[in-house]
Amino acid sequence: MANSRVAVINLALQLLGSARIGSPTQEGKNAEETNACFDALRDAEQRAHVWVFTLERAILTPHAAVPLFTYGYAFPLPIGCLRIIKPTRTVLDWKIENHAGSPAILTNDGTSIQLRYVKRVTDESKFDPLFTIMLACSIAWWCCETITQSNTKKEAIEKRYALARNEARKVNAFEKVPDQGPVDEWLTAMSNGGLADSSWLQE
């Protein structure tokens, strides 16, 4: 059976020793609490690491509105972009800022950008199995007090989460082959240059 939102939530409830659910919209604390935090925790876990199943590529074109100063181009990030991947070659001056209501790459270099990025994946059937277990642990930890009122159980789940995260990242690292980076106008062979807004970049 394909993975689903209910399946992930029920893994979390199993960790809590609580009754499973048949639908995330059913009445009752178990469904309400786990469903309320599901999307936020899923996005946070996907943004926190570069998972193979979230990797996407896109060719960006500049926004019609030019930045007010300093930069000549603004390239809006793709819909669902949680994090951009640090290119393997040196990049000329650029940064990520809000532009015309959405995050964009501001730069003076090039008229297109070939981008690798982490895309929000909402289809649970596309999750890596180890990511699924890690996310279930995260949901269980988040909801532990409201569902079980047990701090002892919360501490145990925190340890389970750490183990699940380490295993998921280790296996993911074996599958993630470093990319040589696209040959693009915004990349150069220069040995000097700077990267800005490193919180958006690959670790």
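The values are calculated or read from the model by the stated rules, or taken from the named source; none is laboratory data. A quick note: this is a predicted structure, and the numbers were derived from the prediction, not measured. Here the Cβ positions follow ideal geometry from the backbone for every residue, glycine too, while neighbour counts run over all protein chains shown. Just so you know, the surface numbers come from the protein's heavy atoms only, side chains and all, with ligands and any DNA or RNA stripped out. Shrake-Rupley method; radii C 1.70, N 1.55, O 1.52, S 1.80 Å.
How much length, in nm to one decimal, is gained on full extension between residue 26 and residue 163, taken as 0.36 nm per residue of separation minus their Cα-Cα distance? Mind dumping the intermediate values first?
Values: separation 137, 0.36 × 137 = 49.32 nm, distance 3.10 nm.
Gain on extension, residue 26 to residue 163, equals 46.2 nm.
Once phi is turned into ³J(HN,Hα) by the Karplus curve 6.51 cos²θ - 1.76 cosθ + 1.60 with θ = phi - 60°, what whole-Hz value does each residue of the stretch 144-156 show in order, with x for glycine and proline?
Once θ is set to phi - 60°, the couplings for the stretch 144-156 become 4, 5, 5, 8, 10, 6, 10, 6, 4, 5, 5, 5, 5 Hz.
Reachable lysines from residue 95, Cα under 18 Å, same-chain residues fewer than 8 places away excluded?
86
Whole Å is fine, so just give me how far the alpha carbon centre of the stretch 139-180 lies from that of the stretch 114-132.
16 Å
What are the lysines whose alpha-carbon lies under 21 Å from the alpha-carbon of residue 126, with same-chain residues fewer than 8 places away excluded?
By straight Cα distance, residue 126 reaches 170, 176.
Tell me the carbon and sulfur percent of the accessible area for the stretch 1-106, rounded to whole percent, probe radius 1.4 Å.
Working: 2920 of 5400 Å².
With neighbouring chains kept in place, the figure for the stretch 1-106 is 54 percent.
May I ask you to rank 141, 94 by accessible area, largest first, using a 1.4 Å probe over the protein chains only? Could you put the intermediate results ahead of the total?
On the way: 141 80, 94 0 Å².
Highest to lowest solvent-accessible surface, that is 141, 94.
Less than 12 Å Cβ to Cβ from residue 71, Lys/Arg counted +1 and Asp/Glu -1: what total charge do the surrounding residues give? Working shown, then result.
Working: positive: 95; negative: 93, 97, 109.
Neighbour charge sum, excluding residue 71 itself: -2.
Between beta-carbons, use under 11 Å as the cut-off and find the net charge around residue 104, counting Lys and Arg +1, Asp and Glu -1.
Values: positive: 95; negative: 97.
Residues close to residue 104 contribute a combined charge of 0.
How large is the accessible surface per residue of the stretch 1-120, computed with a 1.4 Å probe and reported in Å² as a whole number?
On the way: 5930 Å² over 120 residues.
That works out to 49 Å² for each residue.
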